[in-house]
Ligand SMILES: Nc1ncnc2c1ncn2[C@@H]1O[C@H](COP(=O)(O)OP(=O)(O)OP(=O)(O)O)[C@@H](O)[C@H]1O
Ligand SMILES: [Mg+2]
Ligand SMILES: [Zn+2]
Ligand SMILES: [Zn+2]
């Protein structure tokens, strides 16, 4: 498979319409950081079995499995973005989920839009957070695990405060590790 | 903090729980595996080593508490976190009592799990560091398998190291169980001959003729029963070390034979005519007072001088009490590794008793007492009663040697009665050899029908 034929596919699978220009911004950002061109793919369908009515949340694992059922042939990675609030069974929520060293990742905007008290945040801040979390989850798919440096985009975020505290970039260690990992692919 | 080496086992009967939680933890860099039910979890705990077990409480078949129970037995070092639904929190509290590290009520905050993992891993790292530190200390205070903090013993270790480099004969003196044989082996291991054999002969165990052929070998037909030619221990020790244990017990005739062999550095097999030359370093040991035996003319003076080129006198344990807590620690570590049971140490009172006791069987007896204690103990901490020692009535260190002797008399009698006067077994428990035990029985005039505690004025 020729490398130039491989893309990071971005797809919106939220309930609401995606905010103007957001996907374009993510596309430019991840394309630059991972050195892989990104494409936006329009998807009309939505996963049907992921919603848990008792929790009022969506299973990120189920959505991710749904996304991976049908992947474009030239997809190096698939990154789904949703406005649904995500969970995994034992945790109250997750910002996203990724296959470590795999193909797929998902990020939710649901909690990134709010501050700790549940009030909406300015759109610029929300977009910055989304860019970071998309890089973060994609970083996992390239094989990067969490970074102890809290400024690094690969550091674990358990709240929006953590997300705000970190930069949108890989630290030097993660950057060189990424290069090594990409060589092996 | 080496996360890749931190192995976590996630145990849950629901596939999506296992996969998602394992995935979440892998993102942290841990090495994570999963088990779908209690019994396969137990299998994996038996087979592999884990740092953390994340176990669901409610599972069909073997449940989380049973997995916890097995894990505590099989891998006490692994930390177990129990995951539970709100309704079963009571059971989760019970899990803590059973030795779980902590529990998490589902669903829990990602932050909660992150913090718990961080704390746990830091603790485990610290524990590992502690173990390393302990090891380093042991090296600092030890000479091979011998440990001691006492200045006297430290000086002995220094002397032994230097002596090991020479070819000179070494005589090791000391009461039963003070570590004479261990020291002999350590000297050999540190010497330039360490690649050669270490051959030990117990001179007390055999009759004169048997010992003679054991030491020097015999030619075919040398005596009835000598069907084949046989090499003796002297020859077998060629290029290495010959350890003559309990040298104080050999007969006059053998003393002379030995003297010749040492003087001339050659000897004859029993029934043989060709002299045999052997290059072996001699280390001799005895728990008898050899000098006194020389004065009483039961041991040849010339042989004594021959053996006593470098002499090392191992002090009895009661003269280096600072070693007791240190050795207790060491033996508890050993017992923990050997036994399938949790042993963590001795209670403060038990330690007092151990410090007060006068240890006729020295370090060997200390080990035996602790081993017995670990077997008998109901919990992980060995208590006074578990030790089976005579209580340190009134004062710990009786300065009159009479009460000391009385304590010893009673203790020996108790053990003898407990083991129905089986001398071998009783000697083993007391940590002394059978000859020593016979001597003590004679000395105290003990008889099988004696009560355990008479002779009180
Ligand atoms: N300083 C020590 N550190 C650790 N273990 C010791 C020490 N001294 C003795 N031991 C242990 O005590 C036991 C008895 O030691 P050893 O056999 O050398 O005694 P011994 O002096 O030869 O006794 P005996 O005169 O009864 O033959 C051994 O199992 C040894 O491991
Ligand atoms: Mg011995
Ligand atoms: Zn992450
Ligand atoms: Zn980093």
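Derivation of every value follows stated rules applied to the coordinates shown; laboratory data play no part. Not measured: the values here are computed from a predicted model. Here the Cβ is made from the backbone with ideal geometry for all residues, glycine too, and neighbour counts use every protein chain on show.
Please identify which residues in the stretch B:46-63 have an amide N closer than 14 Å to a label point set 7 Å out from the Cα of residue B:7, following the Cα→Cβ vector.
The answer is B:46-54.
Inside 10 Å of the C-beta atoms of B:107-116, what's the mean count of C-beta atoms belonging to other chains? Walk me through the intermediate numbers first.
Numbers: counts 9, 3, 5, 11, 7, 3, 3, 5, 1, 0.
Neighbouring Cβ atoms belonging to other protein chains average 5 per residue here.
Grab the alpha carbons of the stretch B:217-261, take their convex hull, and tell me the volume per residue in Å³.
100 Å³
Would you mind calculating the relative contact order of the stretch B:143-315 from Cα pairs under 8 angstrom and at least 6 residues apart, reporting the percent as a whole number?
Working: 318 pairs, mean separation 55.2, N = 173.
Relative contact order here is 32 percent.
Given R₀ = 45 Å, FRET efficiency for residue B:69-residue B:289 by Cβ-Cβ distance, to 0.05? Intermediate values should be presented prior to the final figure.
On the way: r = 54 Å, r/R0 = 1.21.
Efficiency, rounded to the nearest 0.05: 0.25.
If you count, for every residue in A:85-97, the Cβ atoms of partner chains within 10 Å of its Cβ, what is the mean? Don't skip to the end; give the middle numbers.
Numbers: counts 0, 0, 2, 9, 11, 17, 12, 7, 3, 4, 1, 0, 4.
The mean count of partner-chain Cβ atoms within 10 Å per residue comes to 5.
Relative to the longest principal Cα axis of chain B, at what angle does helix B:401-418 sit, 0 to 90 degrees, rounded to 10?
Here the helix axis deviates by roughly 70 degrees.
As an exercise, use a Förster radius of 41 Å and the Cβ-Cβ distance of residue B:342 and residue A:173 to find the FRET efficiency, rounded to the nearest 0.05.
Calculated transfer efficiency: 0.50.
Using the Cα gyration tensor of chain B, with a ≥ b ≥ c the square roots of its eigenvalues, what is the shape: rounded (a/c below 1.5), prolate (a/b larger than b/c) or oblate (neither)? If you can, show how the numbers build up before the last one.
Details: a/c = 2.66, a/b = 1.89, b/c = 1.40.
Here chain B falls in the prolate category.
Over the Cα atoms of the stretch B:143-315, what Rg and Dmax result, in angstrom?
So, for the stretch B:143-315, Rg and Dmax equal 16.1, 54 Å respectively.
On C-alpha positions alone, give me the angle between the axis of helix B:151-165 and the longest principal axis of chain B, in degrees, nearest 10.
Helix B:151-165 and the main axis of chain B meet at about 70 degrees.
If I model a spin label as a point 7 Å beyond the Cα along the Cα-Cβ vector, how far apart are those points for residue A:28 and residue A:52 in nm?
Once both label points are built, they end up 3.8 nm from each other.
What is the order of A:61, A:141, fewest Cβ neighbours within 10 Å to most? Please list the in-between numbers first.
Values: A:61 24, A:141 21.
With the sparsest Cβ surroundings first, the list reads A:141, A:61.
When the chain is fully extended, how far beyond the present Cα-Cα distance does residue B:167 get from residue B:39, taking 0.36 nm per residue of separation?
Taking residue B:167 through residue B:39 to full extension adds about 40.1 nm, to one decimal.
Based on the Cα atoms of the stretch B:265-339, what semi-axes does the equivalent ellipsoid have, where each is the square root of 5 times one gyration tensor eigenvalue, given in whole Å with the largest first? Numbers along the way, then the final one.
Working: eigenvalues 283, 92, 23 Å².
Square roots of five times the eigenvalues give 38, 21, 11 Å.
Once you place label points 7 Å from the Cα toward the Cβ at residue B:260 and residue B:375, how far apart are they in nm?
Here the modelled spin labels are 4.7 nm apart.
Kindly provide the pair-distance distribution of the stretch A:49-131 built from C-alpha pairs, with 10 Å bins from 0 and whole-percent values in order of increasing distance.
17, 46, 30, 7, 0
How many percent of Cα pairs in the stretch A:1-100 exceed 23 Å?
On the way: 1427 of 4950 pairs.
Every Cα pair in the stretch A:1-100 considered, those over 23 Å come to 29 percent.
Please give the residues of the stretch B:291-333, grouped as numeric ranges, whose backbone N is less than 11 Å from a label point set 7 Å along the Cα-to-Cβ vector of residue B:155.
B:313
Pairs of alpha-carbon atoms within less than 8 angstrom and 6+ residues apart define the contacts here; what relative contact order does chain B have, in percent? Show your work: numbers first, answer last.
Details: 709 pairs, mean separation 49.9, N = 457.
Once normalised by length, the contact order is 11 percent.
Could you estimate the translational diffusion coefficient of the stretch B:1-65 from the Stokes-Einstein equation, with Rh from the Kirkwood formula over C-alpha pairs, at 10 °C and 1.306 mPa s, in whole µm²/s? Don't skip to the answer; put the middle values down first.
On the way: Rh = 11.8 Å.
Reported coefficient: 135 µm²/s.
For chain A, what are Rg and Dmax over the alpha carbons, in angstrom?
Computed over the Cα atoms of chain A, radius of gyration and Dmax are 15.5, 48 Å.
Using only Cα atoms, find the angle between the long axis of helix B:434-444 and the longest principal axis of chain B, and express it within 0 to 90 degrees, rounded to the nearest 10.
Helix B:434-444 sits at roughly 80 degrees to that axis.
What span do the alpha-carbon atoms of the protein assembly as shown cover on each of the three principal axes, reported in whole Å from largest to smallest?
Projected onto its principal axes, the Cα set of the protein assembly as shown covers 110, 63, 46 Å.
What's the whole-number percent of alpha carbon pairs in the stretch B:27-161 lying beyond 17 angstrom?
Summing the P(r) tail past 17 Å for the stretch B:27-161 gives 67 percent.
Give the calculated FRET efficiency between residue B:131 and residue B:58 to the nearest 0.05, with a Förster radius of 30 Å applied to their Cβ-Cβ distance.
Values: r = 35 Å, r/R0 = 1.18.
Calculated transfer efficiency: 0.25.
If you bin every alpha carbon distance in the stretch B:319-444 into 5 Å steps from zero, what whole percent lands in each bin?
Per 5 Å bin, starting at 0, the Cα pair percentages come out as 2, 11, 21, 23, 20, 15, 6, 2, 0.
Taking the Cα-to-Cβ direction at residue B:251 and at residue B:138 and moving 7 Å from each Cα, how far apart do the two end points lie in nm?
4.4 nm
Need the C-alpha centroid separation for the stretch B:274-335 versus the stretch A:140-185, integer Å.
The distance from the Cα centre of the stretch B:274-335 to that of the stretch A:140-185 comes to 64 Å.
Partner chain Cβ atoms within 10 Å, averaged over the residues of B:27-39 - can you pull that number for me?
On the way: counts 13, 4, 6, 2, 0, 1, 0, 0, 0, 0, 0, 0, 0.
Rounded to a whole number, the mean comes out at 2.
How would you rank B:45-53, B:170-178, B:231-239, highest first, on the average number of other Cβ atoms within 10 Å across their residues?
Answer by packing, highest mean first, reads B:170-178, B:231-239, B:45-53.
Contour minus end-to-end for residue B:297 and residue B:209, with contour as 0.36 nm per residue of separation and end-to-end as the Cα-Cα distance? Provide the component values of the computation, followed by the final result.
Details: separation 88, 0.36 × 88 = 31.68 nm, distance 2.18 nm.
Taking residue B:297 through residue B:209 to full extension adds about 29.5 nm, to one decimal.
In whole angstrom, note down how far apart the Cα centers of the stretch B:73-143 and the stretch A:1-73 are.
38 Å
Compute the distance from the alpha-carbon center of the stretch B:1-52 to that of the stretch B:159-204, in whole Å.
Spelled out, the Cα-based centre of one part sits 49 Å from the other.
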